[in-house]
Amino acid sequence: MNIPFEQLPLLLLVTITVEYLVWLLLVRKKPLKLLLYAVLVNCVTWPLATFVYYSVFPQYFLLETLVFITEIVLLKLLLQIRMKKAVLLSFAANFVTALIGFVIASL
Amino acid sequence: MNSKKATFTAFCVLFLFLAVLFLAAPKVSADVLIPGYKGVEYCFQIENTNDFPDYTFVVHYTFAMENYQVVRGNECMHFYKFNKPKIYAVKKSLFNEVPLISIMNSDNHSKLTEYIANDKNFISSDVEIESISQIVDTDPSKKIVDELKIISIENDMLEIEKSKTIYTYTDGTTEEKTYVTQNVRPLPSRLIIPLSSYEIMYFAIPAAALIVIIIILVARRFRKGKTEGAKNEHSV
């Protein structure tokens with residue numbers, strides 16, 4: 001199995017940082033709490049998506065969609081926001097991380 | 001405990017947990033047979049060289065113990081696990097193996113890279129072939145073959161795709177699995193993967209994070225209930 005375990009902490013940290021900054025930009029309040037939620041939400045979705053991608057089902061867009069939906073639910077529950085806002089936050093964060101991923105992969 | 005203190009405590013617990021997980025995880029070395037793993041034979045073959053009769057195909061093994069091999073039909077090419085094979089096509093009328101043989105007979109095999117890079121007749125492909133030398137004990141495979149397919153040969157580009165992986169099991173049967181994504185080798189159906197301690201991280205981390213999320217949500221609900229109770233008491 002070629003899961004990049006050695007890179008897991010770094011990749012997870014990059015994802016958390018990017019998603020946190022995107023959320024912070026859109027929410028602009030309670031930054032510490034938002035950081036905690038960014039850590040928690042990404043700790044739920046990122047390792048599972050990575051494992052499934054590398055060992056079971058290498059379908060990037062489908063997995064990214066599942067992550068997007070899961071994050072909507074978690075964000076709505078944790079931030080106690082409207083569904084529309086949760087969709088926006090999840091979409092923006094995942095769009096930016098996917099974009100960065102593509103740029104890095106194409107280098 | 002106020003809200004800020006609770007957030008800070010949750011942070012500390014989570015980071016401590018993650019730090020312990022990462023530090024406790026075993027590091028994998030590429031050159032050591034890891035306990036729970038066994039060796040496996042690996043090679044790759046090109047299925048349709050006969051569709052391009054005007055070309056000779058050459059594999060340049062770079063990185064370690066530099067070498068080359070002229071592809072003959074769909075023979076399976078074995079190589080040292082740290083080699084990075086790079087495939088080239090050369091017009092048969094322009095291919096001259098003598099310089100390659102003389103470099104291999106010399107002491108400096110690294111001149112191969114220079115020679116091939118400078119010879120404009122060598123048309124390179126960017127297909128990445130990853131050797132596999134170890135598999136988990138529970139994998140019934142004894143041989144793994146990656147089959148490549150030549151898509152096209154243009155002036156300066158040789159397009160090759162990985163089409164399938166053929167697994168030969170210890171009982172002699174074989175199974176073909178098609179590549180869905182070029183950089184991910186399809187796994188054999190008969191493989192049962194026991195999760196190693198580091199792979200467990202991929203489930204332990206989400207589980208831990210989910211538990212913290214549930215605690216936060218339950219605590220919030222509990223606090224809300226308490227506040228509402230106090231309000232009701234106050235109004236009575």
message: To check you understand DSSP bridge types, tell me what percent of the beta bridges within the protein assembly as shown (both residues inside) are antiparallel, rounded to 5.
response: 85
- line: Note on region B:37-178: contact order normalised by length, alpha-carbon pairs under 8 Å, 6 or more apart, percent, works out to 28
message: Restricting to Cα pairs below 8 Å that are 6+ residues apart, what does the relative contact order work out to for chain A? Please round to a whole percent.
response: 32
Computed E for B:GLN182/B:LYS231 - FRET, C-beta separation, R0 51 angstrom, nearest 0.05: 0.25
task: In a Gaussian network model over chain A where Cα atoms closer than 10 Å are linked, find which of A:ILE81, A:ILE69, A:ILE16 has the largest mean-square fluctuation.
output: A:ILE81
- request: Using R₀ = 51 Å, calculate the FRET efficiency as 1/(1 + (r/R₀)^6) where r is the Cβ-Cβ separation of B:ASP119 and B:ILE214; round to 0.05.
  value: 0.20
message: On the principal axes of its Cα set, how long, how wide and how thick is region A:2-107? Give whole Å, largest value first.
response: 39, 22, 22
Pairwise FRET efficiency - A:PHE57 versus A:LYS30, Cβ, R0 = 51 Å, nearest 0.05: 0.90
task: Which order do the peptides A:90-100, A:53-63 take when ranked by the mean count of other beta-carbon atoms within 10 Å per residue, highest first?
output: A:90-100, A:53-63
message: For a 29 Å ceiling on Cα separation, which of these pairs sit above it: B:LYS92/B:LYS142; B:LYS84/B:LYS142; B:LYS38/B:LYS92; B:LYS111/B:LYS143; B:LYS92/B:LYS177; B:LYS111/B:LYS142?
response: B:LYS92/B:LYS142; B:LYS38/B:LYS92; B:LYS111/B:LYS143; B:LYS92/B:LYS177; B:LYS111/B:LYS142
query: For labels at B:GLU128 and B:SER163 in the simple 7 Å Cα→Cβ model, what's the distance in nm?
result: 2.3
message: What does the net charge come to around B:LYS231 if you take all other residues with beta carbon closer than 13 Å to its beta carbon, with K and R at +1 and D and E at -1?
response: +1
query: So for region B:37-178: antiparallel DSSP bridges make up what percent, rounded to the nearest 5?
result: 85
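Determine the gain in length on full extension of the stretch B:ASP107-B:ILE200; use 0.36 nm per residue of separation and subtract their C-alpha separation, reporting nm with one decimal. Each step should come with its number before you reach the end.
Values: separation 93, 0.36 × 93 = 33.48 nm, distance 4.73 nm.
Using 0.36 nm per residue and subtracting the Cα-Cα distance, I get 28.7 nm.
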query: Calculated from DSSP H runs of 4 or more alone, at -39500 (n - 2.57) each and per residue, what is the 222 nm mean residue ellipticity of the protein assembly as shown, nearest 500?
result: -16500 deg cm²/dmol
message: Give the separation of the Cα centroids, region B:98-143 to region A:17-85, in Å.
response: 42
- prompt: Averaged over B:209-216, how many beta carbons belonging to a partner chain fall within 10 Å of each residue's beta carbon?
  reply: 4
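Values in this text are rule-based calculations from the coordinates and carry no lab data. In this text the structure is predicted, and so the values were computed from the model without any measurement. All Cβ positions, glycine included, derive from the backbone under ideal geometry; neighbour counts span all protein chains shown.
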